[in-house]
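Have a look at the structure below before the remarks.
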Amino acid sequence: MRLSQSVFIAATLVTTLAMSPAVSANPFVKDVPGAVSKPTLAEKTVVDGVTIEASTLVSSKDVATLKAHFRARFARSGLYLAEETKELKLKLGEQVTGLDTENLISYTVLLQPSGKNATTVIVSSANLGKRETLAAPAFVPIYPGSGPVTSTQMEWMKSMSYATTATPAEVRAFYREKLAMQGYELRSDDEFVKGAERIALTVAPGVTERTVLLVQDVGTSVP
């Protein structure tokens, strides 16, 4: 069984972004070992038509202990443990993903060390069975020959990501040309600004492919 890697990547990117707080129905935010805070209200967003809810809490247990706990909890709950997501290496911490194959709901736990005797636990769920058919459209051109786009849309932010075999230098040159044609001004650190709009470009390293992420923030005018 292969799960949608693009959905899991996008879920990892957006689980810390807030939208529409509500009471969490995620069963895995309860009885977390060493919990020293209550779970936050659920935060909702939409990734390629999939609704994702995320709650955050802090535990005094280390990442390894919590990872073992959630793997055991997922297994006892009859979830399919998505071993293929081990390919997604996080810059900080670990993750565990399981799938409710009957209801098509995936559960992902991000475990991030947060100082001495503290781990931030982000528990998210993605309702894959109720995916909307319309995804947020790409808001900038895509590097030619690249893979499919994963997109998200909130009230104040849009993002899009995809994989490409182009080099980071080629990707940056492509967007400097294309965004300049759209009236954006290049700022430092791969940031492009036009009035109140800001687009941030990130090119994640890889052996044969690079992941390109663009985030568009529509806010107050940038000085």
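Spot the failing condition for R131; the list is (1) touching a Gly at 6+ places or on another chain (Cβ under 8 Å); (2) modelled with pLDDT of 85 or more; (3) charged (D, E, K, R), and only one is missed.
(2)
Considering only segment 51-70, how many residues are assigned to a strand (DSSP E or B) and among the small types (G, A, S)?
Total satisfying the criteria: 3.
Residue by residue through segment 55-95, note down the ones that are within 15 Å of the chain's Cα centre (by Cα) and at pLDDT 90 or above.
Those that are within 15 Å of the chain's Cα centre (by Cα) and at pLDDT 90 or above: S55, T56.
Quick check on S188: is it free of Cβ contacts under 8 Å to residues at least 12 places away in the same chain and over 27 Å from V63 (Cβ atoms)?
Yes: the conditions hold for S188.
Please determine whether any residue of segment 18-30 is among the aromatic types (F, W, Y) and at pLDDT 50 or above.
yes
Which pairs do you get when a residue that is surrounded by 12 or more Cβ atoms within 10 Å (Cβ to Cβ), found in segment 197-209, comes within reach of a residue that is of a type in the set (S, T, Y) and part of a loop (DSSP other than H, G, I, E, B), reach meaning Cβ atoms under 8 angstrom, with the pair 6+ apart or on two chains?
So the pair list comes out as E197/Y184; I199/Y184; E209/T165.
When residues of segment 23-50 are filtered for being in contact with a helix residue (DSSP H, G or I) (Cβ under 7 Å, 6 or more places away or on another chain) and either touching a residue at least 40 places away in the same chain (Cβ under 8 Å) or not in a loop (DSSP other than H, G, I, E, B) (or both), how many remain?
Total satisfying the criteria: 6.
Suppose the filter is modelled with pLDDT of 90 or more, in a strand (DSSP E or B) and touching a Pro at 6+ places or on another chain (Cβ under 8 Å); does V123 pass it?
yes
Name the strands (runs of 3 or more DSSP E) wholly inside segment 136-222 in which the number of residues that are at pLDDT below 90 and within 24 Å of V50 (Cβ to Cβ) is 2 or more.
Counting at least 2 such residues, we get 150-153, 157-164, 210-218.
The values are calculated or read from the model by the stated rules, or taken from the named source; none is laboratory data. If you're wondering where the values come from, they're calculated on a predicted model, not measured in any experiment. Reconstructed Cβ throughout: ideal geometry from the backbone, glycine too, with neighbour counts over all protein chains shown.
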